[in-house]
Amino acid sequence: MLIRKKLEQILGSKLEHPVREEWGDYSVFAESPEEAEKLIKQIKQSELNKLIEQIEVVGKGFINIRLKVEYLISQMFPVLNKKTGRVMVEYSSPNIAKTFGIGHLRSTIIGQALYNIYKSLGYEVIGDNHLGDWGTQFGKLLYMLDREKLNAQGATLCVEDLEKLYVRYHKISEDDKQARKWFKRLEDGDKLARKLWEKCVQISVREFARIYKLLEVKIDNAYGESFYESLMQEVVADAKTIARKSQGALVIDIPGHPPLMLLKSDGGTTYATRDLATLKFRKDKWDPDLIIYEVGAEQTLHFQQVFAAARMLGYVREGCSLIHTKHGLYLAENGKKFRTRTGSTVNLEEVLREAITRARNNPAVGIGAIKYFDLSHNVQSDIVFDWEKVMVLQGNSGPYLQYTYARAQSVLVRAKGQGLRAKNLAPSTKHLALNEEELAVLRWIYRWPEVVEEAGEKLAPNLICNFIYELAQRFNTFYNKHRILNITPFDPPLKLRGGNPALPAGRPKGEGDIGSRDFRLALTEAVGQVLKMGLEMLGIKALEHM
Ligand code: ARG
């Protein structure tokens, strides 16, 4: 167990990291200086004391704790605390016969990151792409496809063509009569209607697959709304005792919110009915402990209603949490909705391809830059899209982190070329006095397991971004100031701290700084490992060269 958890057990409250590192590695506020002294005594009497360099009270009862460097070194290759439980992440979820929007891009990127984070934490994770492939709007489409004779074998249509059919429908028709008729045909299993619908699904799924390939995203399942068609009558039946008729529609009253509509006045099912059916199905099939809905903030009310109704219907086991992430929008630099250079609404594929071009045709860098840019923002905030920031090589960006990782790898490759390997440091570092830059890396890297846990708890991949960015900066500061290879291998390391060591014969000039080659190599390897874990959680490739 990590020292943090053990300290928290003794202290009975959560530890923080002090705002300034020179104050200590952990701190906690005790009720009074006396209480603080009491707690300190307990810690000093515990077995933890041997890992603590200094512990003191400041002010009105702040306890500051500084960890021993030996402990920090022992945590140099941090291991995540393993959790158990089953988590579902529902993400991406684009709509058939509509273009894959930038909102779906956010959902795909954030959803995949959450999926990866939970997996790294040891959870059993199930992904589901809740495709929008059912609903009365398909009636319009089918009617138009039939009317314009677009159902012929070999007719090649793309999603854009399908989208235009909705527009044309509204031009020629004032009401939903034809649409409803055709959707009814679809629901009744009419052969032609099914065939046309399947064609739309096929066209869309093919285009979505191109985007998933570019993004290198694979989602475990894609049940889609249509899958729940037959389950919806069960939902309606289950709801009998809690639903009521309202102007011909069937609704469920939700305390504190408007009623949820289960059936429209024409008897048609709704988006919400399908979400209820989905929850019923998920409970039976997976019985998850947590379901994360990675969907934009504009659907907040919908999920409040669905979650409440699902609990009333017994579709959610006690102890199972349902969370809607409510991601924000993409905005253009002028604060308006994000559009492409040509001024039309954003064509996502165009944006992704431009990213690759801007990354000198390296897809891993271009796509990584887009993902990192998105994930480095708080999920709920709106994002102002800015190519400069997406691609900047010196700054908080995907390329900067990939570059830092590659830099660490190139050191290790060179070391290997010289027959050197980072050794197991534990026994030999006892007397190692580290320089400021090495310590800065160590004083950061031990926090990694805490950060991953927090990112999972708060559904906040941006915490992973913040962490690896800071790690990269600390590593680069160290790298720029100190040599790693081609220094005397102080092995066993010199006892330098406090002493006045004799210079060993043959020690090169300019290497008066403290530390050994082996330690630095290990540190480089450790930083590389954590950067790689972090990047991969974000769905970004850690490149060996750049
Ligand atoms: N297809 C929907 C849309 O694009 C998102 C689906 C969200 N998930 C859900 N279970 N309702 O708006």
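Brief remarks follow.
- Sorted peptide list for 532-538, 350-356, 293-299, criterion being average Cβ within 10 angstrom, highest first: 532-538, 293-299, 350-356
- Neighbour counts of other Cβ atoms within 10 Å put VAL527, VAL346 in the fewest-to-most order VAL346, VAL527.
- Cα shape, the range 307-419, gyration tensor, a/c 1.5 rule: oblate
- Gyration tensor verdict on the range 136-205 (Cα atoms; rounded if a/c is under 1.5, prolate if a/b is larger than b/c, oblate otherwise): oblate
- Highest-first arrangement of 267-273, 400-406, 12-18, 57-63, where packing means the average Cβ count within 10 Å: 400-406, 267-273, 57-63, 12-18
- Helix 177-187 vs. the chain, principal-axis angle (Cα, 0 to 90°, nearest 10): 70 degrees
- The label-point distance for LYS181 and GLU56, in a model that sets each label 7 Å from Cα toward Cβ, rounds to 8.6 nm.
- On Cα atoms only, tilt of 398-417 relative to the major axis of the chain in degrees: 50 degrees
- A crude spin-label estimate for the pair ARG244 and TYR271, with each label 7 Å from Cα along the Cβ direction, gives 2.6 nm.
- Point-charge dipole on Cβ atoms (K/R +1, D/E -1) for the range 148-207, about Cα centre, debye to 20: 240 debye
- Using alpha-carbon coordinates, inclination of helix 348-358 to the longest axis of the chain, degrees: 30 degrees
- About its Cα centre, the chain has a charge dipole of approximately 1000 debye under the convention of +1 per Lys or Arg Cβ and -1 per Asp or Glu Cβ, with nothing else charged.
- Applying 1/(1 + (r/R0)^6) with R0 = 51 Å to the Cβ-Cβ distance of LEU393 and GLN45 gives a FRET efficiency near 0.50.
- Equivalent-ellipsoid semi-axes for the chain (Cα gyration tensor, √(5λ), whole Å, largest first): 54, 30, 18.
- Taking the DSSP bridge list for the chain and keeping only pairs wholly inside it, about 55 percent are antiparallel.
- Residue exposure sequence - SER46, SER381 - by fewest surrounding Cβ within 10 Å: SER381, SER46
- For the range 257-298: rounded, prolate or oblate by the Cα gyration tensor [a/c cutoff 1.5]: oblate
- Note on VAL28, VAL89: ascending count of other Cβ atoms within 10 Å places them as VAL28, VAL89, the fewest first.
- The helix-only estimate of mean residue ellipticity at 222 nm for the chain, built from DSSP H runs of length n ≥ 4 each weighted as -39500 (n - 2.57), is -15000 deg cm²/dmol after division by the residue total.
- Each of TRP387, VAL413, HIS170 was placed along the dipole of the chain (beta-carbon charges, centred on the mean Cα), and the one lying farthest toward the positive end is VAL413.
FYI, it's all coordinate maths here, none of it is from the lab. As the structure is a prediction and not an experimental result, all values here were calculated from the model. With ideal geometry, Cβ positions are generated from the backbone for all residues, glycine too; neighbour counts draw on all protein chains shown.
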